[in-house]
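Structure first, then comments.
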Amino acid sequence: EVQVVESGGGLIQRGGSLRLSCAASGFIVSSNYMSWVRQAPGKGLAWVSITYIDGTTYYADSVKGRFIISRDSSRNTLYLQLNSLRAEDTAVYYCAYTNIWPGRGTFDIWGQGTMVIVSS
Amino acid sequence: DIQMTQFPSSVSASVGDRVTITCRATETITYLAWYQQRPGKAPKLLISDTSNLQSGVPSRFSGSGSGTDFSLTISSLQPEDFATYYCQQAKSFPITFGQGTRLEIK
């Protein structure tokens with residue numbers, strides 16, 4: 001069964017750092033496109049970052065320069081390093097198995113999410 | 001950035017009703033995806049490529065549209081359909097979602 005399970009969320013002070021993990025099963029992380037999507041409390045979905053099969057990465061402007069997406073093939077795990085955290089980064093962070101083609105793409109498989117709360 | 005606007009933002013309907021949710025993009029996109037999110041749960045992909053129903057999704061769901069205007073229709077609402085629905089484009093980065101349409105029981 002294809003699934004992803006996020007972990008690593010928690011309560012962190014403004015300006016702090018946190019690393020989120022997304023353990024995958026049923027597929028190989030490094031052979032697929034993988035994304036992070038977040039959802040602030042009571043708000044809609046917001047794309048955060050994507051890593052391509054070739055290692056190319058893209059970020060939303062709101063996190064560029066502060067967040068880093070990476071993967072570990074030996075652990076079949078996707079990561080999101082969150083640095084210089086702000087109150088507006090408070091959200092549930094979802095990992096998603098992604099399909100991307102020229103001009104289109106979808107988030108096909110989602111984890112249950114991990115909550116990040118940034119306190120001031 | 002391509003902005004996605006859904007309307008209505010919320011709708012009340014009864015079991016058995018037909019409901020249509022619209023999504024408008026600020027520029028022409030070729031394909032659109034739709035997601036369903038039940039309270040406290042992760043989103044679930046319902047439709048890809050504007051009208052391609054995902055495996056296991058009931059046939060009462062359908063998607064259509066082109067250019068900048070797209071829609072999701074539920075032909076006969078069932079109790080489990082009451083949720084929030086999001087559209088999403090990936091024509092260009094940043095990938096963007098609509099603000100969501102909350103479908104409530106009347």
In this structure, the FRET efficiency calculated for B:Asn52 and A:Arg19 from their beta-carbon separation, with R0 = 30 Å, to the nearest 0.05, is 0.25
Site B:Ile105, offset 7 angstrom along Cα→Cβ, radius 11 Å on amide nitrogen, limited to the stretch B:1-22, gives B:14-15
Taking the protein assembly as shown, the whole-percent share of alpha-carbon pairs separated by over 33 angstrom is 15 percent
Sequence order, the stretch A:18-27: Karplus ³J(HN,Hα) from phi using 6.51 cos²θ - 1.76 cosθ + 1.60, θ = phi - 60°, Hz rounded, Gly and Pro as x, gives 7, 10, 9, 10, 9, 8, 9, 9, x, 7
Counting only residues 5 or more apart in sequence or on a different chain, those whose built amide H sits under 5 Å from that of B:Ala90 are A:Gly105
Volume per residue (Å³) of the convex hull spanned by the alpha carbons of chain B is 89 Å³
Kirkwood Rh over alpha-carbon pairs of chain A plugged into Stokes-Einstein at 25 °C, 0.890 mPa s gives a D in µm²/s of 173 µm²/s
Expected max-MSF residue from B:Ser55, B:Ser14, B:Ser66 in the GNM of chain B (alpha carbon, under 10 Å) is B:Ser55
Heavy-atom accessible area of A:Ile53, protein chains in place, probe 1.4 angstrom, given in Å² to nearest 10, is 80 Å²
Per the 1/(1 + (r/R0)^6) rule, R0 = 25 Å and r from the Cβ atoms of B:Phe93 and A:Asp54, FRET efficiency to 0.05 is 0.95
With all protein chains in place and a 1.4 Å probe, A:Thr114 shows an accessible area in Å² (nearest 10) of 20 Å²
Ignoring ligands, DNA and RNA, the residues of the stretch A:36-62 whose accessible area with a 1.4 Å probe is reduced by 20 Å² or more relative to the chain alone are A:Gln39, A:Gly44, A:Leu45, A:Trp47, A:Tyr58
Between chains A and B, the summed loss of accessible surface on complex formation, probed at 1.4 Å and reported to the nearest 100 square angstrom, is 1700 Å²
Computed over chain B, protein heavy atoms only, probe 1.4 angstrom, the accessible area per residue in square angstrom equals 45 Å²
Counting only DSSP loop positions in the stretch A:35-120, the trypsin sites (Lys or Arg not before Pro) whose Cβ has at most 15 other Cβ atoms within 10 Å are A:Lys43, A:Lys64, A:Arg66, A:Arg75, A:Arg86
So, relative contact order of chain B in percent, Cα under 8 Å, 6 or more apart, is 39 percent
Of the candidates A:Asn99, B:Thr5, B:Leu46, the farthest towards the positive dipole end of the protein assembly as shown (Lys/Arg Cβ +1, Asp/Glu Cβ -1, centred on the Cα centre) is B:Thr5
Rounded to 0.05, the calculated FRET efficiency for the beta carbons of A:Gln3 and A:Asp72 at R₀ = 22 Å is 0.80
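The values are calculated or read from the model by the stated rules, or taken from the named source; none is laboratory data. On a predicted model such as this, the values are computed, not experimentally measured, just so you know. FYI the Cβ positions are ideal-geometry reconstructions off the backbone, even for glycines, and counts take in every protein chain you see. We work out accessible area using only protein heavy atoms, side chains counted, and drop any ligands, DNA or RNA first. Shrake-Rupley method; radii C 1.70, N 1.55, O 1.52, S 1.80 Å.
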